[in-house]
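Participant: Please read through the structure below; I'll follow up with questions.
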Amino acid sequence: MFELRDKTVADEILSQLKAAKVKLRFMHVCGTHQETLVRHGLDTVLKKCGVTVSQGPGCPVCVTTAREIEEAIALARRGYTVASFGDMLQVPGKDASLAQVKAQGSDVRMVYSIEDVVNLAKQHPQKQVVFLAVGFETTAPSTAAVIENGPPENFSILSCHRMIPPALQAILRAGELRIDGFIEPGHVSTIIGLKPYQLISRQYHVPQVVAGFEPLDVLMSVWMLVQQVQQGKAAVENEYARAVNAEGNVKAQRVMRQVFAAGDVAWRGFPVIPKSGMFLKPQYAAFDARKRFADDLSVLAGESFPEPQGCLCGAVLRGVCASQECPLFGCQCTPQTPLGPCMVSREGSCRIEFQYQKK
Amino acid sequence: MCLAIPGKVVTIDAKTGHAQVDYGDGTSRTVNVSLVDVKVGEYVLVHAGFAIQVVDRKEAEETIALFKEMLEMAGEA
Ligand code: SF4
């Protein structure tokens, strides 16, 4: 029921795409779409049909800035317990990653869910437990639900949650790439629904299709975008109707709105994107690690955190550079010796490229 | 990271807002279902320990047929 494999449909899509004789560039903003594209060789097949699909800033681990990682490292070194999702621990900071800081004796934990962190805080009431909260609208509702529920008093979060629609607008405004359409992230869309995209289509006249993650989902969404381009349309269509409905998850939206306020925040590879960050509202300040540990974090004020030397992650995340174009790809930079987050994260395009193709 | 996996809700504990979700591959997990309205027997997408949406079973079963229809219509046009 959940597997979407049908070779005749795939063949028909590809033959219609070939016959259309187009030359188009689409962008997706989801590491899982990148995985589907590369793992099944769809990127190559689609290129032969005249369609290039670039990866945008769709990896939450990758777009988290060097400053945010240093905040977590500073708190871990200060003696607090810092917890986050697996890949975050491996992202290189200025002189160490969270995993390396752990090896040096700090208390850094890898968790699967924010509820693990709440339990940790309950079990160790004498410890300060900080959750490095990354993720887009798919993940942010779980953080919001925990905060609204009143977590233990020794629990706090470093919110690095970000919203996808403002990033789409930033990319279109910057105009670095001609983008003929967006493949929108299915799981972000289960939460936000279709409305935020509709505003963008109206404003920028860009076709968009919300897509699932099976190979056939991705092929079909490309086909739907091509149809729109050929008909001169710029609508928002939903290929992933089995999981996404127009209004999205209203409960999740409500709790996010209750707990978070939108604020300006930089993304790796991008300047500050207006109203793209999710920050705890003043009434939840007690759970905001940036407020609770303002003194500990003040050492970072005024410092700048340059990208690792030679790393092109920023350009990769803006879709202007492919992973293999980075001179360090596969030589100095591999999943064992990652220089940038795009080689760390399982959603990062360098890691995916390395895993399935190698240089 | 936005990966979400479908599974079937086996039991729900209304008091804690948690459900037991069976992934159909022999594994099952406790999942927070406070963000969705779901009944036992329905399928949910699970992300980082939380159910984020209920899967529409009918839509899921009709997906391929719908694709075929769309492609045929375009092919004839
Ligand atoms: S290959 Fe490594 S150094 Fe190059 S852009 Fe990717 S992560 Fe950065």
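Every number here is computed from the coordinates shown, using simple stated rules; none is lab data. No experiment lies behind these values; they were computed from the predicted model shown. Every residue, glycine among them, receives a Cβ derived from its backbone with ideal geometry; neighbour counts consider all protein chains shown.
Participant: Of the numbered conditions (1) within 16 Å of the ligand (Cβ to nearest atom); (2) within 14 Å of chain B (Cβ to nearest Cβ); (3) in contact (Cβ under 8 Å) with a residue 40 or more places away in the chain, A:Val255 fails exactly one; give the number of that condition.
Facilitator: Here A:Val255 clears every test but (1).
Participant: For the stretch A:81-92, name all the residues that are surrounded by fewer than 22 Cβ atoms within 10 Å (Cβ to Cβ) and over 17 Å from A:Leu339 (Cβ atoms).
Facilitator: A:Thr81, A:Gly86
Participant: Of all the strands (runs of 3 or more DSSP E) wholly in the stretch A:1-106, which have at least 3 residues that are over 23 Å from A:Phe155 (Cα atoms)?
Facilitator: Correct list: A:24-28, A:51-55.
Participant: Follow-up. Select from the stretch A:309-350 the residues that are within 8 Å of the ligand (Cβ to nearest atom), without any contact (Cβ under 8 Å) to a residue 40 or more places away in the chain and closer than 23 Å to A:Met27 by Cβ and list them in ascending order.
Facilitator: The answer is A:Cys311, A:Leu312, A:Cys321, A:Ser323, A:Cys326, A:Phe329, A:Met343, A:Cys350.
Participant: Now a separate question. Can you pull out the residues in the stretch B:22-77 that are more than 9 Å from chain A (Cβ to nearest Cβ), assigned to a loop (DSSP other than H, G, I, E, B) and surrounded by 19 or more Cβ atoms within 10 Å (Cβ to Cβ)?
Facilitator: Answer for the stretch B:22-77, where residues must be more than 9 Å from chain A (Cβ to nearest Cβ), assigned to a loop (DSSP other than H, G, I, E, B) and surrounded by 19 or more Cβ atoms within 10 Å (Cβ to Cβ): B:Val33, B:Val38.
Participant: I need a count of the residues in the stretch A:40-65 that are buried (at least 19 other Cβ atoms within 10 Å of the Cβ) and within 21 Å of A:Arg346 (Cα to Cα).
Facilitator: Qualifying residue count, the stretch A:40-65: 14.
Participant: Additional query: Against the conditions (1) loosely packed, with under 14 Cβ neighbours inside 10 Å; (2) more than 14 Å from every other protein chain (Cβ to nearest Cβ); (3) touching a residue at least 40 places away in the same chain (Cβ under 8 Å), where does A:Phe279 fall short? Just the number, please.
Facilitator: (1)
Participant: From the list A:Ala285, A:Ala211, A:Ala243, which residue is within 14 Å of chain B (Cβ to nearest Cβ), touching a helix residue (DSSP H, G or I) at 6+ places or on another chain (Cβ under 7 Å) and more than 21 Å from A:Gln55 (Cβ to Cβ)?
Facilitator: Checking each option against the conditions leaves just A:Ala243.
Participant: Hey, another quick one. Looking at A:Ser142, A:Ser201, can you tell me which residue is assigned to a helix (DSSP H, G or I) and either crowded, with 24+ Cβ neighbours inside 10 Å or among the basic types (Lys, Arg) (or both)?
Facilitator: It is A:Ser142.
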